[in-house]
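A short worksheet on the structure shown next.
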Amino acid sequence: MNEVIEAVGLTKRYGTRRGIEDVDFAVREGEAFGFLGPNGAGKTTAIRLLLGFLRPSGGRATVFGQDAWTEAATIHERVAYLGSDPGYLGGLTAAEQLDYLGALRGLPKRSWQAVAERLELDTTVRIRKLSRGNRQKIGVVAAFMGNEPLLILDEPTTGLDPLMQREFLALVSEIKSAGRTIFLSSHNLPEVERACDRVAIIREGRLTEVRAVAELLGDHWRSVNLLLAAPAPVGHFSLSNVEVLAQTGREVHLMVLGDVGPLLDRIAALHVADISITTPDIEDLFLREYRAPAAVVGPEPPEPAGTEARP
Amino acid sequence: MNAAFGMELRRMRSLVGWTAVASMVYGGIVAGFYPTIRDNQAMIEQYMGLFPKDLLSVFGMEGGLADPGAFFSMYVGGMLWPIVAAVAAIALATRPVAADLEHGFLELVLSTRLSRVRYLGTAIAGQLVAMAVLALATVGGILVVGRVVGSPFDAGRFMLAGIHAFGFGITIAAVTTLLSVLTLDRGRAAGIAAGLVLGMYLLDAASKVWTGIGGVAALSPFQHFQTRPIIDEGVFPIADFLLFVVVATLAWGAALLLFRRRDLAA
């Protein structure tokens with residue numbers, strides 16, 4: 001399978017300020033690739049490097065095999081982009097803005113109509129009068145109105161209501177079915193979980209993990225939520241295969257890898273008011289990632305399961 | 001790219017339209033006053049004689065005001081046009097790079113097939129159109145009102161003065177475009193450009209009092225923007241005009257080159 005995007009040692013520094021550092025990843029043709037991280041982690045910097053808005057301080061990024069910095073204009077012919085904070089022209093209607101963007105992308109007039117109807121966007125109102133959510137819809141419509149083989153989406157559902165988020169996911173699914181590639185940057189974990197095949201987690205400018213979403217979710221991890229009658233003693237859950245994600249008074253949120261027997265023994269020693277054991281969602285995994293000290297993705301395999309306990 | 005240029009014209013139409021109207025009205029009012037000045041030449045000159053000569057020369061009030069070249073060079077060439085040209089040039093030239101980057105519009109359009117050079121090139125074409133419209137409106141106001149009040153001015157000479165004014169205006173626009181690309185900050189670029197225009201004006205004014213600084217004062221575009229010989233004698237200052245064109249071309253060229261290789265981060 002061809003790699004549509006490839007970043008090798010990609011680094012960007014703004015003077016002494018950190019951007020991203022030594023980032024490696026590849027996005028395959030036809031996959032939806034999630035780029036997860038909190039605000040300030042370096043997601044937008046990475047996207048700006050991929051689009052050639054920024055020159056790398058080190059390493060390189062290629063899109064469709066072409067250098068993202070030197071061949072930006074050529075690359076853009078095959079990319080649809082939705083920025084995190086696009087500056088539409090307030091004096092235009094959404095229709096005028098979309099027609100303008102369509103013309104710059106070589107699309108016929110009103111290419112946006114079908115997607116705009118699906119997202120219930122009123123294209124006749126001047127943009128300055130639209131709500132935040134409706135402005136965001138313009139970006140989503142713009143991203144999905146063409147046939148470019150690669151979509152780069154930066155926080156695409158910010159401000160969209162749940163119904164529209166669902167419609168967005170349906171659009172993503174259709175794009176994937178058509179064999180097009182999606183690079184989706186977000187801090188909305190459920191969205192990435194539902195939309196993406198693989199996910200990269202970026203933390204403080206460095207990639208800490210690149211894995212298939214199914215793999216992340218389908219390992220032998222279990223999420224355990226406890227409501228205790230009284231707070232548990234400190235260190236009560238210190239086991240080699242258990243991580244305590246949160247412990248606030250009587251509530252405890254744990255993750256357990258592999259054999260749950262030893263943990264159940266510890267739990268049985270307490271007075272439990274309520275318990276739930278579920279497959280962790282990506283939010284749990286993300287939380288776990290962020291609690292750990294920063295580690296960089298490297299060639300070494302991860303530690304064997306259950307060999308290290310974290311308080 | 002037609003869509004980009006069409007949008008450029010649309011975005012600037014309000015600023016250019018209203019500035020053109022203001023410029024035309026002001027030019028017309030000045031032209032409307034001209035017959036009064038001409039018909040009362042002796043009285044006006046007696047009045048002007050009360051002022052120190054150096055002070056009058058600072059404001060370009062040299063020669064008789066009944067002379068159309070002196071009159072319009074002072075009220076339009078020396079006052080109205082520098083203000084109109086600076087306002088329009090600074091507003092237009094700081095928008096496409098610095099302001100559009102801050103606003104988030106730049107990423108939107110540059111993520112399409114539109115290259116950086118074509119985007120800025122289109123904006124520069126817009127600046128040329130804007131300056132031409134403003135110069136034409138100013139001259140047009142003078143010529144139309146001149147006819148109405150029974151003082152038909154030489155349209156050919158005034159059009160030549162308009163062309164020279166256009167050269168002066170594009171110089172400010174081009175240098176401001178370069179500042180906009182250098183700083184990527186509308187406030188800073190506009191502030192520096194406005195300061196430069198004011199500084200150059202003061203340098204030119206000072207050179208009329210202290211003739212010893214004439215060499216340095218030659219750097220001021222105001223020294224090269226003299227419309228009186230055009231209006232009075234029909235002599236077009238081709239060297240000065242070419243200087244404006246060369247400076248503008250170099251500044252815009254540098255801006256385009258720099259913009260191609262610039263990190264776009266607000």
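The values are calculated or read from the model by the stated rules, or taken from the named source; none is laboratory data. Remember, it's a predicted structure, so these values are computed and weren't measured experimentally. As a convention, Cβ positions derive from the backbone with ideal geometry for all residues, glycine included, and neighbour counts pool all protein chains shown. Surface accessibility is based on the protein's heavy atoms, side chains included, excluding ligands, DNA and RNA. Shrake-Rupley method; radii C 1.70, N 1.55, O 1.52, S 1.80 Å.
Axis angle, to the nearest 10 degrees, between helix B:238-260 and the longest C-alpha principal axis of chain B: 20 degrees.
Can you pull the mean other chain C-beta count within 10 Å for peptide A:208-214?
Details: counts 0, 0, 0, 0, 0, 0, 0.
Partner Cβ neighbours, averaged per residue: 0.
Proximity of backbone amide H atoms, modeled 1.01 Å from N, is registered between A:TRP69 and A:ALA61 at under 5 Å, excluding neighbours fewer than 5 places apart on the same chain. Calculated on C-alpha atoms, the gyration radius of the stretch B:56-114 divided by its Kirkwood radius gives an Rg/Rh of 1.38. Taking all protein chains into account, the per residue accessible area for the stretch A:101-211 stands at 41 Å² (1.4 Å probe).
By the rule of a C-alpha distance below 25 Å, with chain neighbours fewer than 8 residues away ignored, the lysines paired with B:LYS208 are B:LYS53.
Each residue of the stretch A:266-278 was assigned a 3J(HN,Hα) from its phi angle through the Karplus expression (A = 6.51, B = -1.76, C = 1.60, θ = phi - 60°), giving 5, 5, 4, 6, 10, 8, 9, 7, 7, 8, 9, 10, 10 Hz with x at Gly and Pro. The contact between chain B and chain A removes approximately 2400 Å² from the accessible area (both sides summed; 1.4 Å probe; ligands, DNA and RNA excluded).
In this simple spin-label model, placing a label point 7 Å from the Cα along the Cα-to-Cβ direction at both B:SER115 and B:ILE83 gives a separation of 4.2 nm.
Report the charge-dipole magnitude of chain A in Debye, nearest 20, computed about the Cα centre from +1 at each Lys and Arg Cβ and -1 at each Asp and Glu Cβ.
Numbers: 34 positive and 41 negative charges, 233 e Å.
Computed about the Cα centre, the dipole is about 1120 debye.
Can you pick out the pairs among A:LYS43/A:LYS109; A:LYS12/A:LYS176; A:LYS43/A:LYS137; A:LYS12/A:LYS129; A:LYS12/A:LYS137 whose Cα atoms lie more than 28 Å from each other? Violating the 28 Å Cα-Cα cut-off are A:LYS43/A:LYS109; A:LYS12/A:LYS176; A:LYS12/A:LYS129; A:LYS12/A:LYS137.
Considering only protein heavy atoms and a probe of 1.4 Å, how much of the accessible area of the stretch B:39-91 is carbon and sulfur, as a whole percent? Walk me through the intermediate numbers first.
Numbers: 1740 of 2590 Å².
Heavy-atom surface of the stretch B:39-91 belonging to carbon and sulfur, 1.4 Å probe: 67 percent.
What the phi angles of the stretch B:32-46 give under the Karplus curve with 6.51, -1.76 and 1.60, with θ = phi - 60°, is a coupling list of x, 7, 3, x, 5, 4, 4, 6, 10, 4, 5, 5, 5, 5, 5 Hz, glycine and proline written as x. Computed from point charges on the beta carbon alone (+1 for Lys and Arg, -1 for Asp and Glu), the dipole magnitude for the stretch B:133-266 about its Cα centre is near 340 Debye. Placing +1 on each Lys and Arg Cβ and -1 on each Asp and Glu Cβ, with no other charges, gives the stretch B:196-266 a dipole about its Cα centre of roughly 340 debye. Sequence-ordered 3J(HN,Hα) estimates for the stretch A:132-145 from the Karplus curve with 6.51, -1.76 and 1.60 and θ = phi - 60° stand at 4, x, 5, 5, 5, 4, 4, x, 5, 4, 4, 5, 9, 7 Hz, glycine and proline given as x. With Cα atoms defining each centre, the stretch B:197-266 and the stretch A:75-132 are spaced 41 Å apart in the structure.
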